[in-house]
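Peer 1: To start, I am sharing the structure in question, which I have written as structure tokens.
The values are calculated or read from the model by the stated rules, or taken from the named source; none is laboratory data. Nothing here was measured: the structure is a model prediction, and the numbers come from that model. Note: ideal-geometry Cβ built from the backbone for every residue, glycine included; neighbour counts use all protein chains shown. Heavy atoms of the whole protein, side chains included, go into the accessibility calculation; ligands, DNA and RNA do not. Shrake-Rupley method; radii C 1.70, N 1.55, O 1.52, S 1.80 Å.
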Amino acid sequence: MEQTLLYLVPALGLVGILAMAIKSAWVTKQATGDKNMNELAGYIADGAMAFLKAEWKVLFYFAIIAVVLLAWSGTTVETSSPIIAVSFVIGAVFSAFAGYIGMNIATKANVRTTQAARTSLKQALKVSFTGGSVMGLGVAGLAVLGLGALFIVFYQMYVVSVGAGVNGIEMEKALEVLAGFSLGAESIALFARVGGGIYTKAADVGADLVGKVEAGIPEDDVRNPATIADNVGDNVGDVAGMGADLFGSYVATILATMVLGREIVSLDNFGGIAPILLPMVLAGLGILFSIAGMAFVTIKDENGDVQKALNIGNWSSIIFTGIASYFVVTYMLPETLSIRGYEFSRIDVFYAIILGLVVGALMSIITEYYTAMGKRPVLSIIKQSATGHATNIIGGLSVGMESTVLPILVLAGGIYGAYEFAGLYGVAIAAAGMMATTAMQLAIDAFGPIADNAGGIAEMSQLPEEVRGRTDILDAVGNTTAATGKGFAIASAALTSLALFAAFVGIAGIDAIDIYKADVLAGLFVGGMIPFIFSSLAIAAVGRAAMDMVNEVRRQFREIPGIMEYKAKPEYDKCVEISTKASIREMILPGAIALISPIVVGFAFGPEVLGGLLAGVTVSGVLMGMFQSNAGGAWDNAKKSFEKGVEIDGEMYYKKSEPHKASVTGDTVGDPFKDTSGPSMNILIKLMSIVALVIAPHISEGTHGEVAQAKVIEIKKEVIVDENGKETVTTTTTEEYK
């Protein structure tokens, strides 16, 4: 039975990859439109691949250094192995491949969505969402396949082959080596997200400032030299970057739950391995329910509600997963369990999973409220645009700060509730429950950039207004889904980081993080500072690259006669080159901070100070991520609201009006918030936690690894005398595992 369940996990990953291949083939078969549309789509695809190749070249050198260090460190402690370097490489390759899958299908689906929009909104939604679902299924399938297959190998290699117990140091070694897979995935995710974010916003800001504000031409006008780079940026940032991001979250969540599951003595039918296998089984089943939910994403006609269709698909996958988790938990787990002295039942584990699903859903709902068109927060920014650029920015900052309150309360309630149900394992399994529908979440998220690109191609190809109208409907919904996707990602990162933090504490051999100690408090403050300097570097990088882009666009308008009259073609490749070089150059320092700071603090000051650093970066990073992502999303939709016209104090305003110009400025400020530094926060806090987990055996302060090996037996004898004077001796035996 144990073997069957073990091999079921990678098999479910293969099901996801098979479904991805079928959907990818369907998208590829769709019509691509006329020659001009194909030419523009070709520019975008070429630019996207050029960026990926340049990024992979840099990451190859980083991977070589990391492999050497990991292989050497694996020889220095009993609970690791040089094989961790192999695990790292596989994680990095899978993460990069997940980003490539998303990039490849997005650059195919964009022009096909444009062509589909020439016939109906229903068909345009079908093509764009199917393209997004390819990415979602590819990421989830690769993660479950990679993690499940590697666990089988390491479990056989380090535990079964030596006849060791599930809760011993041998299993810790297997999971420590498996942590290399997560480290590789998160490392690539950080560079992909930061590099992609710098790329897309440098192009976007440059295109907006010169094209829309100075030249007065539409956002995706073919005459704008930066427009191709802008469309490429949507793919490298919001598709490849987001794909690698959620791939890393998915893997880290499952790994953290497995590490904590090792500490549970489980008298189950699977050799005591059920708490370790449970998160992988949930992830695998989540792929099936995401595929089922995708079938519900459709509309009847031109008046169909696209947002409602996506919500139905999302909710159905969540509900299916919640129902199935009851049967999985009751089938796999014994009646009672305990972790670090905290006792709970299997039904408590089910409640924790449901709580995780609810937290994820609530985070999406709250984020949608703060960033969607027609809601109070966005309307407040629109109203403040009437009095100028400064009040628009003040309004956006206010909305972003306010938007942290409800999500943090939901997150805090979720953490507290999950712990009450099943201790630290409850917090981890709640995160695993939230991440179970990652395939669906990512499909909804990736649909947005595809729709955005489709609108850009329609504008550049000068297609009829009705075509652009349909793509605008999809794009507006895509802006909201992108924001909710980022809200989901940061919530999952917070729960995942807490689970990783708990796993780190156990392996590092410390009992608590005492902030009364001066060095620990200092670590807490330094950790709280890191998201700020990280954001500063990312936003400054966008500013520098955007300046180069602005100067290049101005040069082309000045030196190439006939651009504005459609008589000459802009030099798109020059703008693509600027964004590519800037993003590759600027992503290195923020990435180095995330990777090096926990290593320096851990080895210099010990695990407790490192724990303080992780606590600081987690709290600060979650708040910064929510604030920046939501403020940027609200600014963006405030600007887009002017395209249909908005009413301010009884007067209607449209594009090119003074309030619209103010909204463009606000959106420009919000761009690096929502697409560069904000989304990078969740990778930052996860990566630092993963690095801490990997180095934990090297900086450990106490014995660890042997769980439930020793037991204290207390025997109590009690003599009871009844009314007839007869004596009865009762013996009570209490066994306590340590």
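Peer 1: Tell me which residues, restricted to the range 600-639, are open to solvent by 20 Å² or more (accessible area, probe 1.4 Å) and of a type outside the set (A, V, I, L, M, F, W, C).
Peer 2: GLU608, THR618
Peer 1: While we're looking at this one, here's another question. Here is a list: VAL205, VAL251, VAL259. Which entry is of a type in the set (Val, Ile, Thr), in contact with a Ser or Thr (Cβ under 6 Å, 6 or more places away or on another chain) and within 30 Å of LEU424 (Cα to Cα)?
Peer 2: VAL251
Peer 1: Go through the residues of the range 355-371 one by one and say whether even a single one is more than 16 Å from PHE488 (Cβ to Cβ) and in contact (Cβ under 8 Å) with a residue 12 or more places away in the chain.
Peer 2: Taking every residue of the range 355-371 in turn, none turns out to be more than 16 Å from PHE488 (Cβ to Cβ) and in contact (Cβ under 8 Å) with a residue 12 or more places away in the chain.
Peer 1: Enumerate the helices (runs of 4 or more DSSP H) found wholly within the range 194-307, keeping only those where 1 or more residues are closer than 23 Å to LEU14 by Cα.
Peer 2: Details: elements: 227-235, 242-261, 274-294.
The helices (runs of 4 or more DSSP H) meeting that bar are 242-261, 274-294.
Peer 1: Considering (1) within 28 Å of THR200 (Cβ to Cβ); (2) free of Cβ contacts under 8 Å to residues at least 40 places away in the same chain; (3) touching a Phe, Trp or Tyr at 6+ places or on another chain (Cβ under 9 Å), say which one SER629 fails and leave the rest.
Peer 2: Status for SER629: all satisfied but (2).
Peer 1: Out of the residues in the range 64-82 meeting the condition of being touching a residue at least 40 places away in the same chain (Cβ under 8 Å) and open to solvent by less than 60 Å² (accessible area, probe 1.4 Å), tell me which one is nearest to ILE588 (Cα to Cα).
Peer 2: ALA66
Peer 1: Which condition from (1) within 24 Å of the chain's Cα centre (by Cα); (2) more than 30 Å from LEU397 (Cα to Cα); (3) hydroxyl-bearing (Ser, Thr, Tyr) is the one that THR298 breaks?
Peer 2: (1)
Peer 1: For the range 39-47, check the following and say yes or no: at least one residue is out of contact with any Gly (no Cβ under 6 Å at 6 or more places or on another chain), of a type in the set (A, V, I, L, M, F, W, C) and open to solvent by 20 Å² or more (accessible area, probe 1.4 Å).
Peer 2: Yes, the range 39-47 contains a residue that is out of contact with any Gly (no Cβ under 6 Å at 6 or more places or on another chain), of a type in the set (A, V, I, L, M, F, W, C) and open to solvent by 20 Å² or more (accessible area, probe 1.4 Å).
Peer 1: Quick one: would you say PRO449 is under 30 Å from ASN36 (Cβ atoms), open to solvent by less than 30 Å² (accessible area, probe 1.4 Å) and either out of contact with any strand residue (DSSP E or B) (no Cβ under 8 Å at 6 or more places or on another chain) or not small (Gly, Ala, Ser) (or both)?
Peer 2: The answer is yes for PRO449.
Peer 1: Could you identify the single residue in ILE381, ILE393, ILE408, ILE473 that is part of a helix (DSSP H, G or I), surrounded by fewer than 24 Cβ atoms within 10 Å (Cβ to Cβ) and touching a Gly at 6+ places or on another chain (Cβ under 6 Å)?
Peer 2: On the way: ILE381 fails: surrounded by fewer than 24 Cβ atoms within 10 Å (Cβ to Cβ); ILE408 fails: touching a Gly at 6+ places or on another chain (Cβ under 6 Å); ILE473 fails: touching a Gly at 6+ places or on another chain (Cβ under 6 Å).
When all the criteria are applied, what remains is ILE393.
Peer 1: Is there any pair linking a residue in the range 320-335 that is of a type in the set (Asp, Glu) to one that is not in a helix (DSSP H, G or I), with Cβ under 9 Å and at least six apart or on different chains, and which?
Peer 2: As it stands, the answer is GLU335/LEU267; GLU335/SER345, since those pairs meet every condition given.
Peer 1: How about the range 489-529: which of its residues are β-branched (Val, Ile, Thr) and crowded, with 24+ Cβ neighbours inside 10 Å?
Peer 2: The answer is ILE490, THR496, ILE507.
Peer 1: Pairs needed: first member in the range 499-512, more than 23 Å from GLY414 (Cα to Cα); second member anywhere, not in a loop (DSSP other than H, G, I, E, B); C-beta distance under 6 Å; at least 6 residues apart or different chains.
Peer 2: Close Cβ pairs (under 6 Å, with a partner that is not in a loop (DSSP other than H, G, I, E, B)) amount to ILE507/ALA696; ALA508/PRO607; ALA508/ALA696; ILE510/PRO607; ILE510/GLU608.
Peer 1: Name, by its number, the condition in (1) acidic (Asp, Glu); (2) in contact with a Ser or Thr (Cβ under 9 Å, 6 or more places away or on another chain); (3) at pLDDT below 80 that does not hold for GLU214.
Peer 2: So the condition that GLU214 fails would be (2).
Peer 1: Looking at the range 1-38, which of its residues are within 23 Å of SER290 (Cβ to Cβ), open to solvent by 70 Å² or more (accessible area, probe 1.4 Å) and not in a helix (DSSP H, G or I)?
Peer 2: The answer is none; no residue qualifies.
Peer 1: Just to be sure before I move on: is GLU368 under 18 Å from the mean Cα position of the chain (by Cα), closer than 26 Å to ILE318 by Cβ, surrounded by fewer than 21 Cβ atoms within 10 Å (Cβ to Cβ) and among the acidic types (Asp, Glu) in the structure I sent?
Peer 2: yes
Peer 1: Condition test on LEU623, is it farther than 16 Å from ALA696 by Cβ and either at pLDDT 85 or above or among the hydrophobic types (A, V, I, L, M, F, W, C) (or both)?
Peer 2: yes
Peer 1: Mind telling me which of the residues GLU643, GLU647 ends up being open to solvent by 10 Å² or more (accessible area, probe 1.4 Å), in a helix (DSSP H, G or I) and of a type in the set (Asp, Glu)?
Peer 2: One residue alone meets the criteria, GLU643.
Peer 1: Looking only at the range 412-430, decide whether some residue is touching a residue at least 60 places away in the same chain (Cβ under 8 Å), farther than 25 Å from SER316 by Cα and not in a helix (DSSP H, G or I).
Peer 2: Scanning the range 412-430 turns up no residue that is touching a residue at least 60 places away in the same chain (Cβ under 8 Å), farther than 25 Å from SER316 by Cα and not in a helix (DSSP H, G or I).
Peer 1: Need the failing condition index for LEU687 against (1) at pLDDT below 85; (2) not in a loop (DSSP other than H, G, I, E, B), just the number.
Peer 2: Every condition holds for LEU687 apart from (1).
Peer 1: Would you confirm, using the coordinates I've provided, whether GLY433 is modelled with pLDDT of 85 or more, assigned to a helix (DSSP H, G or I) and not acidic (Asp, Glu)?
Peer 2: Yes.
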